[in-house]
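Single-structure report; data block below.
Values quoted throughout were computed directly from the atomic coordinates according to the rules given, and no laboratory measurement underlies them. Every value quoted in this text rests on a predicted model; they were computed, and no experiment measured them. Cβ: placed from backbone, ideal geometry, glycine included. Neighbour counts: every protein chain shown.
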């Protein structure tokens with residue numbers, strides 16, 4: 001039984017890894033690099049925190 | 001992007017900015033911090049008994065508890081003010097400077113990736129132990145743990161930390177059930193503390209054994225500082241981060257005390273310092289199949305929760321390095337649907353798998369501890385600089401930690417003791433790791449920093465620091 005479980009574990013791992021690779025490829029081809037890397041640190045702070053105490 | 005779109009994770013239209021999602025609350029912060037750490041009660045801390053005996057494991061539990069309480073307080077103050085993914089990396093960047101920040105980010109990535117590797121090895125070993133089947137290896141279970149958790153992290157932070165909250169709570173509950181099942185109120189019925197820990201064997205190697213025990217006592221609380229990596233994804237950083245971190249630290253102090261008491265009362269110190277599964281073995285000693293079953297799953301769930309939180313944190317640190325151009329900006333991509341740093345998660349996945357195959361548990365644990373202690377040492381210096389440059393009243397803080405600078409001094413001294421303890425046990429690894437950080441620092445200073453947009457990296461809308 002344990003060997004069967006280990007084969008199932010390999011199969012699930014391979015399926016999920018392939019899905020992530022597929023989604024990665026799909027995402028990178030559907031969006032521009034500029035948009036995917038457009039996140040900026042401190043966006044919320046720039047709006048909400050004035051730091052006048 | 002509109003706030004409504006951000007909150008629901010809608011797919012952004014062309015040209016809209018893609019950011020991490022602010023969807024987490026204090027319970028998620030607790031789940032992240034305690035989830036990473038709790039595995040340390042199920043394995044790791046007990047090797048301190050091997051270094052100095054059962055009493056040394058208790059003494060270091062208290063002192064390392066002071067170290068981490070200082071870490072939690074200092075972290076809560078700084079991160080409630082510098083609320084950005086990358087946690088201590090973003091703190092170091094704003095308070096100390098880019099070179100320190102680069103090093104801190106590497107400490108974070110190393111500490112969490114090696115801890116993730118250790119956790120997955122633990123799950124694999126536990127499965128093989130329970131299976132007791134000739135020829136069965138741990139590899140399939142190790143790979144399954146890492147890949148499933150990477151997939152979960154890839155799909156979104158809210159589900160990742162909801163899962164972590166549930167499995168961490170279940171693992172914690174298993175410790176509580178074990179504690180009350182062994183009738184802790186009446187020594188001698190099940191627990192035999194006075195027989196197992198006697199004046200003759202309490203400190204078998206004397207006080208130097210207590211010092212040496214610091215190295216593994218770190219495992220009682222290693223990783224609670226990971227709460228700060230969620231800073232950019234919590235709805236209210238100034239409230240959620242201090243609340244979740246301090247609640248997590250209180251939870252862990254209780255768990256550590258209960259764990260030591262039960263294990264030291266059921267297992268001789270020689271065995272306690274040798275086994276990889278102290279709580280599971282303590283449950284076995286009681287002779288109750290129910291307790292054995294509960295603690296087996298408690299151990300598995302704690303390791304899974306820890307690996308899950310580690311993937312989350314290592315990816316955010318790596319992502320932050322890319323966003324500031326400390327590494328190629330390619331790593332700074334956010335998934336347009338799931339709003340996760342998906343390239344950082346995918347990049348670190350094969351690295352974790354490789355280490356899980358080539359490293360053994362002790363090596364992985366030691367590299368994780370070393371990187372962690374380097375980071376804590378930085379934090380003690382960081383808070384002093386933070387208070388000097390931006391004194392109380394100059395900027396808004398979500399939390400102000402009391403008794404400054406006593407926690408910083410305690411933290412620095414306890415880190416120095418821990419470094420000495422690591423040097424006693426793993427001196428060559430300590431030296432190798434320090435050399436590694438020196439080499440990458442030289443690479444960063446003389447080569448990589450030319451690609452950094454120097455003005456863009458400082459994002460906090462703070463006044464100029466005092467004296468500048």
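Using the Kirkwood radius over Cα pairs, work out the Stokes-Einstein diffusion coefficient for segment B:383-444 at 25 °C and 0.890 mPa s, in µm²/s as a whole number.
Numbers: Rh = 14.6 Å.
Diffusion coefficient, whole number: 168 µm²/s.
Can you sort B:197, B:438, B:304, B:190 from fewest to most other Cβ atoms within 10 Å of each residue's own Cβ? Mind showing how you got there, number by number?
Numbers: B:197 21, B:438 11, B:304 24, B:190 17.
Exposure proxy ranking, most exposed first: B:438, B:190, B:197, B:304.
Would you mind computing, in nm to one decimal, how far apart the modelled labels at residue B:464 and residue B:290 are, each placed 7 Å from Cα along Cα→Cβ?
For the pair residue B:464/residue B:290, the computed spacing is 7.0 nm.
Could you order peptides A:30-38, B:253-261 by the average number of other Cβ atoms within 10 Å of their residues, highest first?
Values: A:30-38: 15.7, B:253-261: 20.4.
Sorting A:30-38, B:253-261 by mean packing, highest first, produces B:253-261, A:30-38.
How high is the relative contact order of chain B, in percent, counting Cα pairs under 8 Å that sit 6 or more residues apart? Walk me through the numbers on the way to the answer.
Numbers: 816 pairs, mean separation 154.0, N = 468.
Averaging sequence separation for qualifying contacts and normalising by length gives 33 percent for chain B.
Can you give the helix-only mean residue ellipticity at 222 nm for chain B, where every DSSP H stretch with n ≥ 4 adds -39500 (n - 2.57) and the sum goes over all residues, rounded to the nearest 500 deg cm²/dmol? Please report the intermediate quantities before stating the final value.
Numbers: 18 runs with 319 residues, N = 468.
Helix contribution divided over all residues of chain B: -23000 deg cm²/dmol.
So what's the angle, to the nearest 10 degrees on a 0 to 90 scale, between helix B:98-131 and the longest Cα principal axis of chain B?
Approximately 40 degrees, to the nearest ten.
Taking Cα atoms, how many degrees apart are the long axis of helix B:361-389 and the longest axis of chain B, rounded to 10 and kept between 0 and 90?
For helix B:361-389, the angle is close to 50 degrees.
At a 10 Å Cβ-Cβ cut-off, how would you order B:238, B:120, fewest neighbours first?
Working: B:238 20, B:120 29.
By the 10 Å Cβ count, ascending: B:238, B:120.
Three principal axis extents, largest first, for the C-alpha atoms of the protein assembly as shown, in Å?
Principal axes ranked by extent give 67, 57, 41 Å for the Cα atoms.
Over segment B:247-322, what relative contact order in percent results from Cα pairs under 8 Å that are six or more residues apart? Numbers along the way, then the final one.
Numbers: 25 pairs, mean separation 14.2, N = 76.
Value for segment B:247-322: 19 percent.
What average count of beta carbons from other chains do you get within 10 Å of the Cβ of residues in B:139-152? Write down the numbers at each step before the final one.
Values: counts 3, 11, 6, 2, 7, 9, 2, 2, 9, 4, 1, 4, 8, 1.
For this peptide, the per-residue mean of nearby foreign Cβ atoms is 5.
Quantify how strongly other chains surround peptide B:458-467 by giving the mean number of their Cβ atoms within 10 Å of each of its Cβ atoms.
On the way: counts 2, 6, 6, 8, 3, 2, 0, 0, 0, 0.
Per residue, the average neighbour count from other chains is 3.
Arrange the following residues from fewest to most other Cβ atoms within 10 Å of their Cβ: B:116, B:225, B:195. Intermediate values should be presented prior to the final figure.
Working: B:116 33, B:225 29, B:195 11.
So the ranking, lowest neighbour count to highest, is B:195, B:225, B:116.
Quick one: angle between helix B:237-266 and the longest Cα principal axis of chain B, in degrees between 0 and 90, rounded to 10, please.
Orientation of helix B:237-266: about 20 degrees from the principal axis.
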